[in-house]
Amino acid sequence: MMIPTRTTVRTTTETTTDVKTSSALQAHLILASRFENIEVAERALLDLCAQAGCGGEDEYWLVTALREALANAIRHGNKQDPSRKIRIDLGIEDRVVRIRVEDEGQGFDPSAIPDPTEPQNLLRPSGRGIFYMRQFMNRVDFDRASHGGTAVTMVRELEPKTRSAEDEKSSS
């Protein structure tokens, strides 16, 4: 029996004026705990990245970290129960990307996760998701989610934009 999924996607673009002009791009998603919904969140992140002008390596590492966080939330947090939800907040402001993923599971102690680079763990088939997230992002924090469960917040500062050779020629 196939359980229908309800996907809620709300994308907003906010511009705020402060001492300096700042443009914030945001997306808020609530998805059923299904692995196929990882692609929905990935698409939302790629759309924000396109609007913010980030790409290349930054985009690759962001998407990979998001996929790892979502897979952990679905598999370990919500135990692949499609009636449980995953809440995703994506934001890009001032060349800083913030990703927050919340599940409705029991929570866990991230310090209890074995180091996958230790010799006794090298051949284990799992246990690398948090390690990868920490490698790809500038900051990774875990706390309790607003609806119970675990929340992971990941932050990455985007590489500075550089001018291409074509830009140099056209400005001469």
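Bear in mind these aren't lab numbers, they're just calculated from the coordinates by the rules spelled out. Keep in mind it's a predicted model, so treat the numbers as computed, not measured. Quick reminder, even Gly has a Cβ in these numbers, built from the backbone with ideal geometry, and neighbours come from all protein chains shown.
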Sequence ranges 84-93, 141-150, ranked by mean other-Cβ count within 10 angstrom, highest first: 84-93, 141-150
Residue-span extension gain [residue 39 to residue 135] - 0.36 nm each, minus C-alpha spacing: 32.4 nm
Extension gain from residue 51 to residue 142, taking 0.36 nm per residue of separation minus the Cα-Cα distance: 30.0 nm
Cα shape, the range 16-123, gyration tensor, a/c 1.5 rule: prolate
